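The structure appears right after this line, and notes come after that.
The values are calculated or read from the model by the stated rules, or taken from the named source; none is laboratory data. The shown structure was predicted, so the numbers you read here are calculated from the model rather than taken from an experiment. Note that we place each Cβ from the backbone using ideal geometry, even for glycine, and neighbour counts take in every protein chain shown.
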Amino acid sequence: MDANSSFELLDLIALQRYLLGIDKPVALAAGDMDENGDVDIFDLSLMKRILLHP
């Protein structure tokens, strides 16, 4: 994920790769979609929902 104020498909892919242990994101806090302090599968799910149903 990058540190800008919006996200796009590439950010979703970056978060998925982070959760799989493949990559490390630039701005991990930007991936905390539910703002609970953790970046996890629930954040990925929320990001997918927002991207698919704007």
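When you scan segment 32-43, do you find a residue that is modelled with pLDDT under 90 and touching a helix residue (DSSP H, G or I) at 6+ places or on another chain (Cβ under 8 Å), even just one? Step through it out loud before you land on a result.
Taking segment 32-43 and keeping what is modelled with pLDDT under 90, we get none.
Checked against the condition, which is being modelled with pLDDT under 90 and touching a helix residue (DSSP H, G or I) at 6+ places or on another chain (Cβ under 8 Å), segment 32-43 yields no hits at all.
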Any pair with Cβ under 7 angstrom, 6 or more apart, that starts in segment 29-40 at a residue that is free of Cβ contacts under 8 Å to residues at least 24 places away in the same chain and ends at one that is of a type in the set (A, V, I, L, M, F, W, C) and assigned to a helix (DSSP H, G or I): 33/46; 33/47; 34/42; 34/46
Hits in segment 6-33 (condition: outside any helix (DSSP H, G or I) and under 10 Å from the mean Cα position of the chain (by Cα)): 7, 8, 25, 27, 32, 33
Inter-residue pairs, beta-carbon under 7 Å, first hydrophobic (A, V, I, L, M, F, W, C) and in segment 6-25, second surrounded by fewer than 13 Cβ atoms within 10 Å (Cβ to Cβ), 6+ apart: 19/41
Filter result (of a type in the set (Val, Ile, Thr) and assigned to a helix (DSSP H, G or I)) within segment 34-54: 41, 50
